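The values are calculated or read from the model by the stated rules, or taken from the named source; none is laboratory data. Computed from a prediction, not measured in an experiment: that's the story for all the values here. Neighbour counts are summed over all protein chains in view; Cβ atoms, including those assigned to glycine, are modelled from backbone coordinates with ideal geometry.
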Amino acid sequence: MRNSVVAPAALFAAALAVQPALAAEDAAYSPEYGQCMDQATSPVDMARCVDEEHQRQDKRLNEIYAQLRKIMEPAQFDLVKQGQRAFIKQKELDAKICALPNEGGTQAAVDSASCVLEATRARVRFLGALRDALSL
């Protein structure tokens, strides 16, 4: 029984270590994001860029989530589902916290959106590495 838990954990750790390029590719910023930020002239522009990039990253996250659903046993995937629900709650709370230093100003929207984007990118990387480990 213990080996059945250790083996997947070891594979996952190996995937994180050996396949950072695949996971990094999943979580890389899009070229459109860099172009948008280069052209942004105000916090409102920056918030729009961040929001658009978050939509792209969230789409990628949903794609990986669907891939995991296909390759995992239902009981295993249930853990991913529980983790995803917790991630969403934490991401929403962190967004509010990130906005506190500039609360009430236009920069608060950028800070909040950036926090959500970074959390989503981290989750894409994490679930992408899990998918890669399970695909070995």
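Values computed for the structure shown
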| item | result |
| --- | --- |
| Residues within segment 84-124 that are surrounded by 14 or more Cβ atoms within 10 Å (Cβ to Cβ) and farther than 24 Å from D45 by Cα, tallied | 4 |
| Filter result (small (G, A, S) and touching a residue at least 40 places away in the same chain (Cβ under 8 Å)) within segment 34-61 | S42, A47 |
| One residue from V116, V110, V44 being assigned to a helix (DSSP H, G or I), under 19 Å from A28 (Cβ atoms) and of a type in the set (A, V, I, L, M, F, W, C) | V116 |
| Candidate set: segment 15-54, residues that are more than 20 Å from the chain's Cα centre (by Cα) and among the aliphatic types (A, V, I, L, M); chosen: the one modelled with the highest pLDDT | A40 |
| Residue under evaluation L136, criteria (1) surrounded by fewer than 19 Cβ atoms within 10 Å (Cβ to Cβ); (2) touching a residue at least 40 places away in the same chain (Cβ under 8 Å); (3) part of a helix (DSSP H, G or I), criterion not met | (3) |
